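S.K.: Here it is, the structure, as C-alpha cells.
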Amino acid sequence: MTRNVSIAAVALALLAGCAAAPPKKDYAKFIAASPRSILVVPVVNKSVDVDAPAYFLSTLPIPVAERGYYVFPVNLVKRLLEDDGLSDASLVHSADPMKLCNLFGADAVLLVSIERWDAKYVVLTTQVTVEFEYALKDGKTGETLWTDKRAMVYSSNGGGGGGGLGSLIAAVVSAAVTKAAPNYMPLARQVNAAAMIYPGPGFPAGPYLPSYRKDLPAAEAQ
Amino acid sequence: MTRATGIAATAFLAAALQGCATSTYYAWGAYDEALYAHYKDPQEREAFVENLKKVLLQAEQEGRRVPPGVNAEYGYALYEEGQYVEAVVYFQKERDLWPESRTLMEKMIRNAERQKPASPTPAQGPAGTLEKS
C-alpha cells in the first residue's frame, strides 16, 4: 500500500511539474511597463548564413502581434533604419533603446539575435539547428523587460529505421535533400511560437486580446 | 466549462507548437510569406505589392480587421514604387486603425506628401491658383 501511495505521489509531482511553467520568469518589470506597442528591429546574425536575418525577420511580426500587441511594420522599420545609417543590425542593437523607441513612437523594442542557423551532415543524417536569443527593452527606461533563449533541431533521419539497403538509401537521400534545402523557416516559426507561449516563456496578453490583464501571474495581479 | 477550456487550451497549444496556428486572432493571409518572398527576391517589387494587396483583400473579404502593420507595409511598398498619393491613403488607414502607429504614420504621411511631384507652376501661394496658362 505504501508503494502505491509513493507511486501516486511521484506521478502527481511529475504532473505538477509538467503543468507548471519551467523556470518561472519574473514578469514584474514587464507588467509595470505595460507596453502596448512593440518595435521589431532587424536581427543580429551570429551564423554564417547571410540570408538568415532577413528571412527570420519575416517570421517575427505575426507571433508577437498574436499576443495582442501593436507591432510596427518590420520592413518599413528596417528601411527607415537603413536610410538613417543604421543598416547594420548590431548598430541598431547597441543603440539606446529609448532613442529607438522614441523615433517610432514605440513602447518597447524587441531585439533578437540568431545564435545558430545551420545544417550539418552527421552520419546519414542532416541536422538543421536554429537558435535565437530574444530581449524586450522598455522604451521609457531602457530596462530589459523580458528575455528568452530558444533552440530547435530537426533531424532528417528521425527514427533509426530497420536495417537493409532500402532504408539506408532513404536516409542518404533524405539527408541530402535536407542539406540542399534546409527547412529553416518552419523551424524558425516553431521556435517563435514556443517563445511566445503563455503561461510559460512568452508575453502576457497584450491590450488587443480579450484576456488582457486577466492572465497575469497571481502574485503580480492587482 | 473547465473541460471546454481545457480542450480549447490544448488545441491552441498544439497549434502554437506546430508553428502554424489553424485559427489566428488576426487574418494574416500570406503576410509573412509575402515578406519572405520580398527578401528572397528584392527585385520582384510588383509581386511584393501584389502579395500585400492580397492580404488586405482577404481580410476585407473575411470582414476582419487588417492586422497591425499590414496597411502601413502596403503603403510603404507603394511609396517605394513612387505611388505617393496611394501610399498616404494606406498610412492614414493604419493610423486610424491602430492609435499606437500615429507617430510613425504621421511621419510617413509627411514624407510622402513632401515627395509629391513638384507642381510645374513656380512659387504658388497657399491658394495655389494658376499663375501660368
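The values are calculated or read from the model by the stated rules, or taken from the named source; none is laboratory data. Please read these numbers as outputs of a predicted model, since none were measured by experiment. When we count neighbours, we look across all protein chains shown, and the Cβ atoms used for this are built from the backbone with ideal geometry, even at glycine. Just the protein is used for accessible areas: all its heavy atoms, side chains included, with ligands, DNA and RNA removed. Shrake-Rupley method; radii C 1.70, N 1.55, O 1.52, S 1.80 Å.
S.K.: Among the residues in region A:55-70, are any hydrophobic (A, V, I, L, M, F, W, C), out of contact with any helix residue (DSSP H, G or I) (no Cβ under 7 Å at 6 or more places or on another chain) and surrounded by fewer than 20 Cβ atoms within 10 Å (Cβ to Cβ)?
M.R.: No, region A:55-70 has no match at all.
S.K.: Scanning region A:53-107 for residues that are in contact with a strand residue (DSSP E or B) (Cβ under 6 Å, 6 or more places away or on another chain) and farther than 27 Å from residue A:208 by Cβ, which turns out nearest to the other protein chains (Cβ to nearest Cβ)?
M.R.: The qualifying residue nearest to the other protein chains (Cβ to nearest Cβ) is A:53.
S.K.: Return a yes/no flag: does region A:169-192 have any residue that is surrounded by 13 or more Cβ atoms within 10 Å (Cβ to Cβ), within 14 Å of another protein chain (Cβ to nearest Cβ), in contact (Cβ under 8 Å) with a residue 40 or more places away in the chain and in contact with a Pro (Cβ under 6 Å, 6 or more places away or on another chain).
M.R.: Scanning region A:169-192, I find at least one residue that is surrounded by 13 or more Cβ atoms within 10 Å (Cβ to Cβ), within 14 Å of another protein chain (Cβ to nearest Cβ), in contact (Cβ under 8 Å) with a residue 40 or more places away in the chain and in contact with a Pro (Cβ under 6 Å, 6 or more places away or on another chain), so the answer is yes.
S.K.: Next question, about the same structure. If the requirement is being open to solvent by 50 Å² or more (accessible area, probe 1.4 Å), polar (S, T, N, Q) and either in a loop (DSSP other than H, G, I, E, B) or under 17 Å from residue A:59 (Cβ atoms) (or both), which of these qualifies: A:147, A:141?
M.R.: Being open to solvent by 50 Å² or more (accessible area, probe 1.4 Å), polar (S, T, N, Q) and either in a loop (DSSP other than H, G, I, E, B) or under 17 Å from residue A:59 (Cβ atoms) (or both) holds for just one of A:147, A:141, which is A:141.
S.K.: Tally up the residues in region A:88-111 that are among the small types (Gly, Ala, Ser), touching a residue at least 24 places away in the same chain (Cβ under 8 Å) and under 26 Å from residue B:68 (Cβ atoms), please.
M.R.: Qualifying residue count for the region: 4.
S.K.: Give me the pairs: first residue in region A:112-129 and without any contact (Cβ under 8 Å) to a residue 24 or more places away in the chain, second residue surrounded by fewer than 20 Cβ atoms within 10 Å (Cβ to Cβ), beta-carbon distance under 8 Å, and six or more apart or on different chains, which are they?
M.R.: Listed by first residue and then by second, the contacts come to A:120/A:127; A:120/A:129.
S.K.: Related question: Can you say whether residue A:187 is touching a Gly at 6+ places or on another chain (Cβ under 9 Å), at pLDDT below 90 and part of a helix (DSSP H, G or I), as far as the supplied structure shows?
M.R.: For residue A:187, the condition - touching a Gly at 6+ places or on another chain (Cβ under 9 Å), at pLDDT below 90 and part of a helix (DSSP H, G or I) - is not met.
S.K.: Being part of a loop (DSSP other than H, G, I, E, B) and open to solvent by less than 10 Å² (accessible area, probe 1.4 Å) narrows it down to one of A:35, A:42, so name that one.
M.R.: Going through A:35, A:42 in turn, just one is part of a loop (DSSP other than H, G, I, E, B) and open to solvent by less than 10 Å² (accessible area, probe 1.4 Å): A:35.
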